[in-house]
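J.: Just dropping this structure here.
Just so it is clear, none of the values below were taken in a lab; they were calculated from the coordinates. Keep in mind the model is a prediction, meaning the values are calculated, not measured. Neighbour counts are summed over all protein chains in view; Cβ atoms, including those assigned to glycine, are modelled from backbone coordinates with ideal geometry.
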Amino acid sequence: MPLHENPFGQLLVALVTPFTPDGDIAWTDLECHIDEVVHGGVEGIVVAGTTGESSTLSDQEKIRLVKVTSEVVGNRATVVFGGGASDTAHAIEQYRVSAAAGADAIMVAAPAYIRPSQEGILAHVRAIADAADRPVMLYDVPARTGVGFDLSTLLRAAEHPAICAVKDAACDLARAAYLIEASDLLYFAGSDAAALPTLAIDGAGIVSVAANVAPVAYRQLLDAVAAGELRSATAIHRRIEPLVRALNDFAPPAVATKLVLHALGRIDSPRVRLPLVGPDHAAAEGIHRELDRVRSLHGAKTAGIRLDLAAATGGALAASGRGPRA
């Protein structure tokens, strides 16, 4: 059973990074969106992570995102920097600068594309943890990095005093149960679909994409679990489920989430940066189908909304006129 105090909060949102139609960061939209999710019950903001399109952000943009987020939330929520790099030295520098800009904690994945050995992954995260002077949440997402954390690597990493949590996007509940029992790591669901099952086996919380759209529902889910009200928690989980599929199953989460936020009037543009582009018509139909099934979610009345597919399209396609049409 984890002995760490939780420095992150239970409900974290993997924040989108709003852009203008021209592809610049929409800072006013960002501030309003942060305030909205915190007001809805989010306790931690993951900035410049995968859903925030970190691969398309400059180092300067990432650090300004941290600074602005920290200024907006004040002491209402923690700021977790989800950036970093596959190059360990570059990653260390980014994490150090993010801490100076206001990050309360950092999230560290296995180096992408390089496919290092488990010893290499362990050396990477330990070097960052040594240098960062912030609580570290590991991020296990082998579908994106090309290599994941073996169970033995997670257990060895947990021996470092700064490494206190793991976000697991692999959705292996058997491994989750073992880690929760055998280590001090705080275990976070890294997939919205795994939120309730993870909480049911004493997981610490969730890092949620769908909380961009429905933070209140996730707050209600966590509160119901904490109160031992399993039937209520299950009913909320079922209400959220179509939204989760809409945001994850048909297009990259950043794309679908921005489309929905734009359609709900919460951001001015659903624009993403290349290589992300808006969904094709088949994907859009799937998103619409699931959104039409969403019922009784506070602030997320998605049935019948219109998704602006053309406005989501990334830079070169938009400029050429070859993007999808609504």
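J.: What net charge do the residues around Phe81 carry, taking every other residue with its C-beta under 15 Å from that of Phe81, with Lys and Arg at +1 and Asp and Glu at -1?
T.: -1
J.: Report, in whole Å, the centroid distance computed from the Cα atoms of the range 62-98 and the range 227-252.
T.: About 29 Å separates the Cα centre of the range 62-98 from the one of the range 227-252.
J.: Now a separate question. Taking the alpha carbon gyration tensor of the range 142-287, what are the square roots of 5 times its eigenvalues, largest first, to the nearest whole Å?
T.: Semi-axes, largest first: 29, 21, 12 Å.
J.: With charges only on Cβ, +1 for K and R and -1 for D and E, what is the dipole size of the range 81-195 about its Cα centre, in debye, rounded to 20?
T.: 200
J.: Please report the net charge: other residues with Cβ closer than 11 Å to the Cβ of Val141, K and R +1, D and E -1.
T.: For residues surrounding Val141, the net value is 0.
J.: While we're here: Among rounded, prolate and oblate, which fits the range 11-238 when a ≥ b ≥ c are the square roots of the eigenvalues of its C-alpha gyration tensor, a/c under 1.5 means rounded, and a/b larger than b/c means prolate?
T.: The shape class here is oblate.
J.: Give me a comma-separated list of calculated 3J(HN,Hα) values for the range 272-281, in order, Karplus coefficients 6.51, -1.76, 1.60 applied at θ = phi - 60°, integers in Hz, x for any Gly or Pro.
T.: Result, rounded to whole Hz: 10, 9, 4, x, 6, 9, x, x, 6, 5.
J.: Ok, one more. Over 24 Å between C-alpha atoms is what I'm after, so list which of Lys67/Lys301; Lys258/Lys301; Lys67/Lys258 land there.
T.: Cα-Cα > 24 Å for Lys67/Lys301; rest within.
J.: Given the -39500 (n - 2.57) contribution per DSSP H run of 4+ residues, what per-residue ellipticity at 222 nm results for the chain, rounded to the nearest 500 deg cm²/dmol?
T.: About -13500 deg cm²/dmol.
J.: If you average the sequence gap of Cα pairs under 8 Å that are 6 or more apart and divide by the length of the range 11-238, what percent do you get for the contact order?
T.: The value is 18 percent.
J.: Roughly what % of DSSP beta bridges within the range 11-238 run antiparallel, to the nearest 5?
T.: 5
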